[in-house]
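The values are calculated or read from the model by the stated rules, or taken from the named source; none is laboratory data. Only a predicted model underlies this, so the values are computations on that prediction, with no experimental measurement involved. Backbone-built Cβ (ideal geometry, glycine too); neighbour counts: all protein chains shown. The protein model used for the area step is the full one, side chains on, heavy atoms only, and it has no ligands, DNA or RNA in it. Shrake-Rupley method; radii C 1.70, N 1.55, O 1.52, S 1.80 Å.
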Amino acid sequence: MHTNFSHEQLQDPTIARADAMLRRCVHCGFCTATCPTYVLLGDERDSPRGRIYLIKEMFEQGAITPPITYHIDRCLSCLSCMTTCPSGVDYMHLVDLARVRIEHKGRSPGERTTRWLLAKVLPNPRRFRVALLFGWLARPFRGLIAKLGMKTGAAALALTPKGLPHFKLRERKTVIRPVQPPVKRVALLLGCVQEVLAPSITRAAIRLLRRHGVEVVMPSDEACCGALQHHLGREDEAHKAARRNVDAWSGALREGKLDAILTTASGCGTMVKDYGHLLARDRGYAERATDMSRLAKDICEFVYELGLLPPLAWTSLRVAYHSACSLEHGQQVGNEPRALLSQAGFTVLEVPEGHICCGSAGTYNLLQPELAGQLRDRKLHNIANMTPDLIATGHLGCIPQLQRGSGLPVVHTVELLDWATGGPCPQQLEKLKSKVHPIESLLHLAKNAELR
Ligand code: SF4
Ligand code: SF4
């Protein structure tokens, strides 16, 4: 793409970086076919190519117009376009630069307040628990709140779990050792929202790792990964979270070798894998951040390399695997979760249009509830056509998003792997237990049949 930046403009490091990224785009338009918002809306300005033009215009003219903000805000950051692009356009970092600029100079007071609240509440488990309590009390007034035009509030209430949040903070061990001498040692990022909404995922991950002989370290001073703030364009807060985690893992590294830094929420994984880029200009952190990014792995990548233990049960359960965008496109981890679920005995079903986002996308389903709802319905329609028993995914954000519109249970991939290799049945799957049989009892039946 031809750009028209002046020499003075290019002295600004942000513009110089944007210029290099913009120039890689050759306008071919291949990315439009796989962009969820373009597929839904058919508007070039809601396609990757159209947004790249808008970003170029914004940086060249130094003006943030309402249409620019409107169409950039409608981008999910699903990164499907990066998987498709033959020219290697770094759309992820380009749209990040645009978001930071918009956040600084292009928001109304109302938008600022909403985004400030989201950035302060969601990544903080204590505040998030209190917010959930208010959400639980306000649920009956959701219709009224929607009528008053408070669309983010109404969307948040729709996603609020029906039960009261757990207020008892769980006792947190910082090192969990396997029964046998450890074969590996990893740091596990607990995350923020997941620890409040679905702590069962982390517990399943710890059991799974322990069973495979892995020592799990969870530094007490680690923080939220910073992805939520980053996607809201709040760069300083994201950097602060990243620096805190780099320090926490550096402490764990001083106590012994770390084979990996694991994440169970793929949105966090994409973020941690990008810490090297995020802190590249921070002298005190750049090198260590790059080291941490190299160590970062999604839990399925790690268990796949380690080799999954044989399953203890035979199951006829049909699992629709919803590949979260942050895992499929952000980390390019597609095969491992599917292969692990198959090895664990499940029948894995490929969801048609699997590359299209479910609409969750961090805070997207709160800030763009109409589009998020359309994407969710489209995804669930594709899933329902395959008549699965359940849905599995590798990112917490997709779970309430899909659960809200589906009668099928939605679980995290690690909960299934843990169950298959000896862990408890995930609570959501209690009704499906009859479709799972211990392998020992099947062998016993087969032996009896042979004797007869
Ligand atoms: S990140 Fe997703 S929504 Fe945004 S332009 Fe790329 S494909 Fe479209
Ligand atoms: S596929 Fe890549 S090069 Fe082609 S228009 Fe899209 S971003 Fe530009």
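Is it the case, given these coordinates, that MET92 is at pLDDT 95 or above, open to solvent by 10 Å² or more (accessible area, probe 1.4 Å) and closer than 24 Å to ASN4 by Cα? Yes; evaluated as a whole, the condition is true for this residue.
Filtering segment 1-43 to residues that are of a type in the set (Asp, Glu), within 14 Å of ligand 1 (Cβ to nearest atom) and in a helix (DSSP H, G or I) leaves nothing.
Within segment 64-82, identify whether any single residue is within 14 Å of ligand 2 (Cβ to nearest atom), farther than 24 Å from LEU327 by Cα and free of Cβ contacts under 8 Å to residues at least 24 places away in the same chain, and answer yes or no. Checked segment 64-82: no residue is within 14 Å of ligand 2 (Cβ to nearest atom), farther than 24 Å from LEU327 by Cα and free of Cβ contacts under 8 Å to residues at least 24 places away in the same chain. I'd like to know if segment 49-56 contains one or more residues that are within 25 Å of the chain's Cα centre (by Cα) and of a type in the set (D, E, K, R). Within segment 49-56, one or more residues are within 25 Å of the chain's Cα centre (by Cα) and of a type in the set (D, E, K, R). Here ASP46 meets the list (1) within 9 Å of ligand 1 (Cβ to nearest atom); (2) closer than 25 Å to GLY149 by Cβ; (3) in contact (Cβ under 8 Å) with a residue 40 or more places away in the chain almost entirely, failing just condition (3). Evaluating SER87 against the criteria (1) under 25 Å from GLY354 (Cβ atoms); (2) within 12 Å of ligand 1 (Cβ to nearest atom) leaves one unmet condition, (2). Please specify each residue of segment 390-427 satisfying the condition of being more than 25 Å from THR270 (Cβ to Cβ) and in a helix (DSSP H, G or I). TRP419, ALA420, GLN427 - these are the residues of segment 390-427 that are more than 25 Å from THR270 (Cβ to Cβ) and in a helix (DSSP H, G or I). Entry remark, segment 37-57: residues being open to solvent by 20 Å² or more (accessible area, probe 1.4 Å), closer than 14 Å to THR84 by Cβ and near ligand 2 (Cβ under 10 Å from one of its atoms) number 1 in total. Within segment 367-409, the residues that satisfy the criterion of being farther than 27 Å from ALA339 by Cβ and among the small types (Gly, Ala, Ser) are ALA372, GLY373, GLY405, GLY407. Here segment 25-36 is the region considered, the condition is being open to solvent by 40 Å² or more (accessible area, probe 1.4 Å) and within 7 Å of ligand 2 (Cβ to nearest atom), and the residue that is farthest from MET1 (Cα to Cα) is PHE30. In segment 2-24, the residue that is most open to solvent (accessible area, probe 1.4 Å) out of those that are more than 22 Å from THR83 (Cβ to Cβ) and touching a helix residue (DSSP H, G or I) at 6+ places or on another chain (Cβ under 6 Å) is ASN4. Considering the conditions (1) buried (at least 21 other Cβ atoms within 10 Å of the Cβ); (2) hydrophobic (A, V, I, L, M, F, W, C); (3) not in a helix (DSSP H, G or I), ALA63 is excluded by exactly one of them, (1). Checking segment 234-247 against the condition returns a match, with at least one residue being assigned to a helix (DSSP H, G or I) and over 30 Å from THR113 (Cα atoms).
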